[in-house]
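Report on the structure given below.
Bear in mind these aren't lab numbers, they're just calculated from the coordinates by the rules spelled out. Since we're looking at a predicted model, the values are computed, not measured. We place every Cβ from the backbone using ideal geometry, glycine too, and count neighbours over all the protein chains shown.
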Amino acid sequence: MKSRVSIVKAVAASLGVAALAVATGAYSQNVVKIGEIEAQTGALNTYGWMSSQGMRIAVDEINKAGGFEVAGKKYTLQLINPDTQGNPQQALIQLKTMIEEDKVKYVFGPFLTNVFKGIEGYARQHNGQFLLMGGATQIHYELGKPGNDYLVRTWNWDAGPSGFGTLMVDYLKKKGVKKVAMLMQNDAFGHVAADVYRDAFKKAGIEFQENWFEPGTKDYSAVLAKISAGSPDYLFPGYTDAVLYDIVQQATQLGLTKFWLVRGSLGPALKNKDYIDDYVAYIPKYFEEAEKSEPKVKKFVEAYKAFYKTKDFPYDQAPLCSSSCYDHVYMLVEAMKKAGTVDDVAKVKNALESFTYDGLWKIRYDQTGEEVINFDIVDVQKGGKITVTHEQPR
Amino acid sequence: MLQLVVGQLLNGVIVGTLYAIIALGVTLTFGITGIVNFALGAFMMLGAYFTWYFSDGLGIPYPLAVVLATLAIALVGLVADQVLFRFTRNNLINGLIVSIGLISVIVAIVLMVWTTTPQNMHYVLPGVFRVGGVIVPKMKAVVFGVLLLVILFTYAALTRTWAGRAAYAYAQNPEAAALMGVRTKVLQAGVAAYSAALAGLGGGLYASLYSITPEIGAGYILKGVEAAILAGIGSVMGSFAGGIIIGVAEGVGSIFLPSAYNDAYGLVFLVLILLFKPAGLFAVSSR
């Protein structure tokens with residue numbers, strides 16, 4: 001009797017294990033894991049935070065709609081998005097876990113050049129096995145190089161004939177600006193920015209002065225006083241809100257009241273609106289205005305408020321959803337549908353580069369795998385008066 | 001150029017008082033109680049966060065928010081002394097290890113509560129003073145005035161009161177001081193709480209000038225220790241002078257040398273001074 005009970009128990013256990021294995025296998029076959037390597041907190045989280053916010057909404061919407069169909073099979077998405085805090089070592093560990101343990105084939109981010117440099121070597125070793133879709137400026141220089149097929153850049157390039165930086169420099173030129181002083185963080189992106197804009201200003205015939213500060217600086221009085229003595233027309237400060245609030249406040253105290261920037265939000269301008277004269281910023285989309293005229297933007301704002309159960313929409317951060325964010329998840333899904341596969345990353349990449357996605361932005365990738373999007377130049381003047389110029393790169 | 005130099009001299013003096021207030025805390029705890037407490041930088045950071053939270057989060061008027069934050073940090077310092085630091089008296093290594101542990105805990109708590117995203121307080125006192133082309137932000141002038149008063153008060157209390165003389169006696173010979181009726185345990189706890197309060201006050205005033213992040217304490221304790229060593233541990237007015245020397249070195253150095261390395265200019269002064277006066281600029285000779 002005892003042995004019969006044991007046999008029944010053993011058979012039942014075996015069947016249970018088998019059923020669980022089948023169920024697990026079937027589940028994993030129908031889930032596409034997507035990863036994200038971004039700073040969601042930290043001094044450099046300006047860019048990664050909004051990306052992670054938008055990605056969560058897109059994944060939730062797609063899954064709630066029943067997923068998506070590729071080659072006759074239904075899939076849902078699973079988002080793995082730890083917080084790098086802007087730390088390259090942390091990001092490397094997280095990427096390794098995604099690639100080796102979670103078997104993720106599509107990773108969004110990073111936006112930060114220092115983080116990209118930290119993971120670049122490891123990522124290249126896995127070329128062909130996954131796609132890394134990030135906004136980091138340094139990715140621009142790596143696109144198209146042998147062994148870098150894994151790279152897609154999810155932000156538009158500063159320079160070039162239709163780059164936003166070039167158009168921003170033209171905007172200053174039209175204002176009759178003769179001299180611009182840059183005050184940039186002495187780090188990887190700071191030097192990339194200096195290289196890009198030194199040439200852009202030179203071509204435009206505008207004098208360009210370079211000034212640097214150490215990461216972690218809070219009191220910029222000395223360097224700002226030195227800059228002020230040179231009487232530049234505009235200050236070009238960089239490059240995150242973490243430094244911009246301090247720089248803009250201290251600069252206005254020293255009589256530097258005109259700013260031009262290609263990274264960062266309107267927040268510092270609005271906080272200091274009574275002290276600035278002009279604050280020209282590259283803003284991928286001025287949401288306050290777009291919400292009233294673009295139904296997709298209005299829908300996104302409502303979805304955000306509902307998903308995060310908040311009445312406040314982060315208008316200052318939302319423009320950074322132009323990189324590895326809400327639209328990009330939908331675009332990846334469309335690419336998988338067009339490619340007829342969720343596993344063949346080369347086919348998905350080709351599909352990704354073959355169409356224009358019409359979402360919050362009109363997004364396409366050029367032949368090198370770099371994003372081309374429409375954007376706005378926002379000009380904040382004393383008192384907070386705002387003028388928006390819409391740009392549509394060719 | 002003259003305006004630029006004068007302006008940076010003034011700015012260096014003002015910024016230097018923030019270093020000096022931390023240096024004063026370092027010099028009091030080490031010079032009087034023999035305890036090394038590098039967590040004073042973390043106390044300063046905590047003071048900045050408390051002030052910001054009390055003021056912008058709870059709507060308490062800024063001056064009251066600073067007072068409350070200072071008292072709260074004094075309490076934190078007192079608890080830290082009673083639970084941890086009092087066991088590290090005259091043991092540099094133990095003090096250092098306890099400091100590192102406590103800093104990690106404080107930073108981790110701040111990260112959990114407020115994340116590492118920088119916080120910006122409302123403008124407490126906007127506007128600037130302009131004197132002959134030299135510009136001084138009004139709030140910086142107020143911060144300088146408050147810190148100067150606190151440093152002078154501390155100096156007077158230590159040199160002109162019975163408690164101050166008792167503190168010096170305790171620093172020189174704790175046993176003899178106890179035999180003379182000094183309540184040494186109360187004195188030590190008082191010095192620890194007062195040093196923490198100084199750091200908390202520094203943090204509260206800092207929050208009115210700059211954005212706050214969990215790592216600000218690390219930079220300020222470094223500058224504070226630099227200033228205290230430069231002056232000579234144990235000298236109250238020396239701490240003040242040490243802070244100002246470092247502040248001025250950074251400010252004026254940034255005019256003539258690359259601004260990207262201004263943190264190094266104070267260190268250069270420290271090395272130069274220690275080469276010629278190893279005990280510090282204002283150290284009293286033991287002979």
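Taking H placed 1.01 Å from N in the peptide plane, check which residues at least 5 places from residue A:78 or on another chain put their amide H under 5 Å from its amide H.
Placed amide hydrogens put A:32, A:33, A:34 under 5 Å from residue A:78.
Please tell me the relative contact order of chain A in percent, rounded to the nearest whole number, where contacts are Cα pairs under 8 Å and at least six residues apart.
So the answer I get is 16 percent.
Average projected area of the Cα convex hull of chain A, in nm²?
That works out to 23.1 nm².
Quick one: 3J(HN,Hα) in Hz for the stretch B:256-261, Karplus 6.51/-1.76/1.60 with θ = phi - 60°, rounded, Gly and Pro as x.
Computed from phi, the couplings for the stretch B:256-261 are 9, 10, x, 5, 5, 10 Hz.
Based on the Cβ-Cβ distance from residue B:275 to residue A:100, what FRET efficiency comes out when R0 is 60 Å, to the nearest 0.05?
Once rounded, the FRET efficiency stands at 0.70.
For the protein assembly as shown, taking Cα atoms only, what is the radius of gyration to one decimal and the Dmax to the nearest whole Å?
29.1, 105
Given labels modelled 7 Å from the Cα in the Cβ direction, how far is it in nm from residue A:270 to residue A:69?
Each label point is offset 7 Å from its Cα along the Cβ direction, giving 4.3 nm.
Pairs of alpha-carbon atoms within less than 8 angstrom and 6+ residues apart define the contacts here; what relative contact order does chain B have, in percent?
38 percent.
What dipole magnitude, in Debye to the nearest 20, does the protein assembly as shown give about its Cα centre under +1 on Lys/Arg Cβ and -1 on Asp/Glu Cβ?
About 1060 debye.
Which order do the peptides B:124-133, A:137-146 take when ranked by the mean count of other beta-carbon atoms within 10 Å per residue, highest first?
Packing order, densest peptide first, comes out as A:137-146, B:124-133.
What does the charge count near residue A:117 come to, summing +1 for each Lys or Arg and -1 for each Asp or Glu among other residues with Cβ under 13 Å from its Cβ?
For residues surrounding residue A:117, the net value is -2.
Please report the orientation-averaged projected area of the stretch B:2-276, defined via the convex hull of its C-alpha atoms, in nm².
Computed as one quarter of the Cα hull surface, the answer is 15.2 nm².
Could you give the dipole magnitude of chain A about its Cα centre, charging the beta-carbon of Lys and Arg +1 and that of Asp and Glu -1, in debye to the nearest 20?
I would put it at about 940 debye.
For the stretch B:173-287, what are Rg and Dmax over the alpha carbons, in angstrom?
17.3, 56
What whole number of Å gives the distance from the Cα centroid of the stretch B:178-203 to the Cα centroid of the stretch A:319-369?
Cα centres, the stretch A:319-369 to the stretch B:178-203: 63 Å.
Note down the nm distance, to one decimal, between modelled labels 7 Å out along Cα→Cβ at residue B:161 and at residue A:129.
Taking the simple label geometry, residue B:161 and residue A:129 are separated by 6.7 nm.
Taking R0 as 22 Å, what's the FRET efficiency between residue B:56 and residue A:308 from their Cβ-Cβ distance, rounded to 0.05?
0.55
Go through A:164, B:25, A:236 and say which Cα lies farthest out towards the positive end of the charge dipole of the protein assembly as shown; charges sit on Cβ, +1 for Lys and Arg, -1 for Asp and Glu.
The residue sitting most towards the positive pole is B:25.
Hey, with R₀ at 41 Å, roughly what FRET efficiency would residue B:186 and residue B:131 work out to, going by the Cβ-Cβ distance, to 0.05?
Computed FRET efficiency for residue B:186 and residue B:131: 0.35.
Provide the gained length on full extension for the span residue A:381 to residue A:353, in nm with one decimal, where the gain is 0.36 nm per separating residue minus the Cα-Cα distance.
Contour length minus the Cα-Cα distance gives 6.2 nm.
Divide by every residue of chain B the summed helix terms, -39500 (n - 2.57) for each DSSP H run of at least 4, and state the resulting mean residue ellipticity at 222 nm, rounded to the nearest 500 deg cm²/dmol.
My calculation for chain B gives -23500 deg cm²/dmol from helical runs alone.
With a point put 7 Å past each Cα toward its Cβ, work out how far residue A:202 is from residue A:229 in nm, to one decimal.
Distance between label points: 2.7 nm.
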